[in-house]
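Presented below is the structure to which this report refers.
Since every read-out is calculated from the coordinates, none of them should be taken as a lab result. Nothing here was measured: the structure is a model prediction, and the numbers come from that model. No Cβ is skipped: glycine too gets one built from the backbone with ideal geometry, and neighbour counts run over all protein chains shown.
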Amino acid sequence: MPEKKKTFIYSTSDWKDVKGKSIRTDGCILIFCEEGMATASAEFKPRTVRKRDVILIFPDTMFVVNDVSELFSVKQIEISSEMFDEATFTLSS
């Protein structure tokens with residue numbers, strides 16, 4: 001029986017481990033800010049991320065975390081490239 005591949009990953013993060021780095025994906029990442037504030041660059045444009053903000057990161061998006069507050073926290077769901085392709089193909093049909 002073939003092994004079933006995960007179609008999504010759910011996690012929480014304070015982004016301290018990605019500070020100064022880019023967040024990249026082959027699929028899509030949906031991010032919900034729960035607490036605090038961060039500064040990030042989306043396509044080289046500075047942005048402020050605040051509580052209750054929602055962010056979508058697509059495969060071709062350059063998203064860099066520049067700084068995070070002490071209490072910063074996000075929930076994120078990363079969907080696989082296969083699931084992303086299926087969703088976008090279905091929408092475009």
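Per-structure values
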read-out: Tail weight of P(r) past 22 Å, computed on alpha-carbon pairs of the chain, percent; value: 30
read-out: Set Lys19/Lys45; Lys19/Lys75; Lys45/Lys75 screened for pairs whose C-alpha atoms are more than 18 Å apart; value: Lys45/Lys75
read-out: Calculated [θ] (222 nm, deg cm²/dmol) that DSSP helices of n ≥ 4 give over the chain, each run adding -39,500 (n - 2.57); value: -4000 deg cm²/dmol
read-out: Fewest-first sequence of Phe58, Phe44, Phe72 by Cβ atoms within 10 Å of each Cβ; value: Phe44, Phe58, Phe72
read-out: Length added when fully stretched, Ala87-Leu71, from 0.36 nm per residue minus Cα-Cα; value: 2.4 nm
read-out: Net charge, Thr25 excluded, C-beta distance under 11 Å - Lys, Arg +1, Asp, Glu -1; value: -2
read-out: Burial ordering of Ser11, Ser41, fewest other beta-carbon atoms within 10 Å first; value: Ser11, Ser41
read-out: About the Cα centre, charge dipole magnitude for the chain (Lys/Arg +1, Asp/Glu -1 at Cβ), debye; value: 200
